[in-house]
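First the structure, in the form of structure tokens, and then the observations on it.
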Amino acid sequence: MQTSRGIPISNRNVTAVDDLVTLAINEKIDLVMVGPEVPLVEGVTDAMTSAGIACFGPTRAAAQLEASKAFSKDFMIRHNIPTATHRSFTKFEEAVEYVQSVSHRLVVKASGLAAGKGVIIPETKEATIDAVKAVLVEREFGEAGAEVVVEEFLDGEEVSCLAFTDGTTVVAMPPAQDHKRVFDGDQGPNTGGMGAYAPAPVLTQELANIVMTDVLQRTVDGMKAEGFEYKGVLYAGIMITKQGEVKVLEFNCRFGDPETQVILPLLESDLTEVLLACVRGTLQPDLVKWKTECAATVVLASEGYPGLYPKDRKISGLDVDADGVWVFHAGTKKSGANILTNGGRVLAVTSTAANLQEAVNQCYSRIANIQFEGMHFRTDIAHRALSSHAKRQKCQ
């Protein structure tokens, strides 16, 4: 039987690349898979590779796709990758002048890494100027707001399109749909994600083909052409506009959260073999096989999230077993015999089933056994798909 051992790593060491390399050498690690974006931007893949350790994830240079929205948007323009029109600014007065010059609605984004935040969707011109000021002048998102991207607002339905790549070959994963808003009905402030499901029927086969050719493959080819061979996970946040067009909202250089919780449970192939093929440059489409099932995940959050929230609240009901259901820990910690809350998004309850409605039902049945003070979650995960003809459709 295979076993694993957790190795505590302090918050400091998560971005201390030399410490991570030393740890990997001392523990005789053969393959490193990088989860968060910050170590990638700090060059952990470059350092691991130099030390002779296989590392799944893009290099520091390639991770610019996520580290700088300004770089990403300009890259998309250079390579004819469909995205919203935009301008980037480092000076407040120039940004305001641009905002006042356009008639359409705009979105304001901090260019740098902002922990999944940094995007403001104002409804008026005055609010847009206030948003630019908050990002660029008041530095609401810290140094991530040293440069601001102001782009055209796109109306439609979002879908997350992830793919494995070895720098040449691209193999798509099942499309997933995240739920960013904190409350039911897509109301309230944005979060890091309150739940997800896969596959998302909004991405038809015709649209999936467009995403593959015009977004994913074109991005990997473009990065190679510019001298930044891209290996790892390429995550494209896509908007399917009301006109049926595919537009890229953003790129991430890693597995997304909570999308990963619904994508990887559907993987039938050995994940380690797929990761190594990406690192070695030997990825082939037939190596990656998927189950014909659906998956859903529901995030259980702390009271007050996404604002300030308390910690150290005891969690009960984690010891209940349920077939086909997993409880993933995020903002938790162990204290003696107890598990306590230690973050905003505390747990993610995931299930797989033959159809989406069944997967969703199993998540909520499991949640009924879990309790901690102030716990809140959305009760309408997958509502878009379940309100359509795909409600009981078999997963493809």
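Here are the numbers:
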quantity	calculated
Flag if Lys109 is closer than 21 Å to Ser160 by Cα, in a strand (DSSP E or B) and either touching a helix residue (DSSP H, G or I) at 6+ places or on another chain (Cβ under 9 Å) or modelled with pLDDT of 95 or more (or both)	yes
Those residues of region 362-392 which are surrounded by 21 or more Cβ atoms within 10 Å (Cβ to Cβ) and within 13 Å of Met194 (Cβ to Cβ), in sequence order	Cys363, Phe377, Arg378, Ile381, Ala382
Residue check for Ala359: within 19 Å of Ala198 (Cβ to Cβ), touching a residue at least 24 places away in the same chain (Cβ under 8 Å), in a helix (DSSP H, G or I) and small (Gly, Ala, Ser)	yes
Positions within region 89-118 being under 23 Å from the mean Cα position of the chain (by Cα) and surrounded by 14 or more Cβ atoms within 10 Å (Cβ to Cβ), in sequence order	Leu106, Val107, Val108, Lys109, Ala110, Ser111, Gly112, Leu113, Ala114, Gly116, Lys117, Gly118
Condition check for Thr191: crowded, with 21+ Cβ neighbours inside 10 Å, in contact with a Phe, Trp or Tyr (Cβ under 8 Å, 6 or more places away or on another chain) and modelled with pLDDT under 95	yes
Search result, residues across region 234-247 that are within 22 Å of the chain's Cα centre (by Cα) and over 18 Å from Lys69 (Cβ atoms)	Ile240, Thr241, Glu245, Val246
All positions within region 175-193 that are of a type outside the set (Lys, Arg), under 14 Å from the mean Cα position of the chain (by Cα) and not in a strand (DSSP E or B)	Pro175, His179, Thr191, Gly192, Gly193
Condition met for Lys311 (in contact with a helix residue (DSSP H, G or I) (Cβ under 8 Å, 6 or more places away or on another chain) and among the basic types (Lys, Arg))	no
Residue in region 168-188 that is among the aromatic types (Phe, Trp, Tyr) and crowded, with 22+ Cβ neighbours inside 10 Å present	no
Residue within region 318-337 that is of a type in the set (Gly, Ala, Ser), more than 15 Å from Pro265 (Cα to Cα), crowded, with 17+ Cβ neighbours inside 10 Å and within 21 Å of the chain's Cα centre (by Cα) present	yes
Qualifying residue in region 138-157 (condition: on the phi > 0 side of the Ramachandran plot and in a loop (DSSP other than H, G, I, E, B))	yes
Checking Ile77 against (1) at pLDDT below 95; (2) open to solvent by 90 Å² or more (accessible area, probe 1.4 Å), the condition it does not meet	(1)
Enumeration of residues in region 265-274 that are over 19 Å from Val360 (Cα atoms), touching a residue at least 60 places away in the same chain (Cβ under 8 Å) and open to solvent by 10 Å² or more (accessible area, probe 1.4 Å)	Thr272
Listing of helices (runs of 4 or more DSSP H) fully contained in region 1-100 that carry 2 or more residues being under 22 Å from Lys117 (Cα atoms) and aliphatic (A, V, I, L, M)	37-41, 64-67, 69-78
Criterion: open to solvent by 80 Å² or more (accessible area, probe 1.4 Å), at pLDDT below 75 and of a type outside the set (Gly, Ala, Ser) - qualifying residue of Asn26, Asn11	Asn11
Per-region count, region 194-218, residues part of a helix (DSSP H, G or I), in contact with a strand residue (DSSP E or B) (Cβ under 6 Å, 6 or more places away or on another chain) and of a type in the set (Val, Ile, Thr)	3
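Here's the yes/no breakdown for (1) touching a residue at least 60 places away in the same chain (Cβ under 8 Å); (2) surrounded by 16 or more Cβ atoms within 10 Å (Cβ to Cβ); (3) part of a helix (DSSP H, G or I):
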{"residue": "Gly256", "(1), (2), (3)": "yes, yes, no"}
{"residue": "Ile263", "(1), (2), (3)": "yes, yes, yes"}
{"residue": "Leu283", "(1), (2), (3)": "yes, yes, no"}
{"residue": "Asp286", "(1), (2), (3)": "no, no, yes"}
{"residue": "Ala295", "(1), (2), (3)": "yes, yes, no"}
{"residue": "Leu300", "(1), (2), (3)": "yes, yes, no"}
{"residue": "Tyr305", "(1), (2), (3)": "yes, yes, no"}
{"residue": "Leu308", "(1), (2), (3)": "no, no, no"}
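The values are calculated or read from the model by the stated rules, or taken from the named source; none is laboratory data. Keep in mind it's a predicted model, so treat the numbers as computed, not measured. As a convention, Cβ positions derive from the backbone with ideal geometry for all residues, glycine included, and neighbour counts pool all protein chains shown. Accessible surface is based on the protein model in full, side chains and every heavy atom, while ligands, DNA and RNA are left aside. Shrake-Rupley method; radii C 1.70, N 1.55, O 1.52, S 1.80 Å.
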